[in-house]
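Asker: My questions all concern the structure below.
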Amino acid sequence: MRECAAPRDGQDGTWIGEEIRDAYGALHRMGFAHSVETWNGATLVGGLYGVSIGRMFFGESMFARQPEASKVALAGLVALLRRCDFRMIDCQQNTSHLASMGAHEIDRHSFLRQVDELVSMTPPDWSTLQIELPDA
């Protein structure tokens, strides 16, 4: 979360302050907030985090310190979520970055119907899940 909150070109600040980090820390300890990290050796180069309820993942923020590092994190998350019968990730923002990876908008009615169904499903046991991608 600290990396997601770090200053970015063209942005004056971040919404990810200490209170938000504390809240997400609590959500993580309760089993709801999760992160995916991309490493190059011993260096953290990208990642993302979000909240999972049932079989629905709500993406919150992502970052990259090396080209494509956040895309690698998202690809790993998608592979993991597919194995666990997640059918949708709420990415909240319609950006060209996310669209380049297949994100698209859906109408509000469809979104709410799917969220209602997916959050009522039994969640996976996150403590047993791992994402491993082959080295590039």
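The values are calculated or read from the model by the stated rules, or taken from the named source; none is laboratory data. Please read all numbers here as calculations on a predicted model, not as lab measurements. So basically every Cβ, Gly included, is an ideal-geometry build from the backbone, and we count neighbours across all protein chains shown.
Asker: Restricting attention to the stretch 58-77, does a residue exist that is under 24 Å from I16 (Cα atoms), among the β-branched types (V, I, T), touching a residue at least 60 places away in the same chain (Cβ under 8 Å) and assigned to a helix (DSSP H, G or I)?
Answerer: Yes, the stretch 58-77 contains a residue that is under 24 Å from I16 (Cα atoms), among the β-branched types (V, I, T), touching a residue at least 60 places away in the same chain (Cβ under 8 Å) and assigned to a helix (DSSP H, G or I).
Asker: Check whether at least one residue in the stretch 104-114 is surrounded by 13 or more Cβ atoms within 10 Å (Cβ to Cβ) and touching a helix residue (DSSP H, G or I) at 6+ places or on another chain (Cβ under 8 Å), and report yes or no.
Answerer: Checked the stretch 104-114: no residue is surrounded by 13 or more Cβ atoms within 10 Å (Cβ to Cβ) and touching a helix residue (DSSP H, G or I) at 6+ places or on another chain (Cβ under 8 Å).
Asker: Looking only at the stretch 8-28, how many residues end up being hydrophobic (A, V, I, L, M, F, W, C) and modelled with pLDDT under 90?
Answerer: So the answer is 4.
Asker: Determine which single condition G54 fails, assuming it passes every other condition in (1) under 21 Å from C84 (Cβ atoms); (2) in contact with a strand residue (DSSP E or B) (Cβ under 8 Å, 6 or more places away or on another chain); (3) at pLDDT 90 or above.
Answerer: (2) is the only condition that G54 fails.
Asker: Same structure again: Taking the conditions exactly as written (more than 21 Å from A33 (Cβ to Cβ) and either assigned to a strand (DSSP E or B) or at pLDDT 90 or above (or both)), does E105 satisfy them or not?
Answerer: So E105 fails the test.
Asker: In addition: On the basis of being among the charged types (D, E, K, R), at pLDDT below 90 and surrounded by 17 or more Cβ atoms within 10 Å (Cβ to Cβ), does E60 make the cut?
Answerer: yes
The rows are residues; the columns are (1) touching an Asp or Glu at 6+ places or on another chain (Cβ under 7 Å); (2) modelled with pLDDT of 90 or more; (3) exposed (fewer than 15 other Cβ atoms within 10 Å of the Cβ).
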{"residue": "A6", "(1), (2), (3)": "no, no, yes"}
{"residue": "M30", "(1), (2), (3)": "no, yes, yes"}
{"residue": "T38", "(1), (2), (3)": "no, yes, no"}
{"residue": "A42", "(1), (2), (3)": "no, yes, yes"}
{"residue": "L48", "(1), (2), (3)": "no, yes, no"}
{"residue": "Q66", "(1), (2), (3)": "no, yes, yes"}
{"residue": "A69", "(1), (2), (3)": "no, yes, no"}
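Asker: If L77 meets every condition in (1) of a type outside the set (D, E, K, R); (2) within 19 Å of L44 (Cα to Cα); (3) in contact with a Lys or Arg (Cβ under 7 Å, 6 or more places away or on another chain) apart from one, which number is that one?
Answerer: (3)
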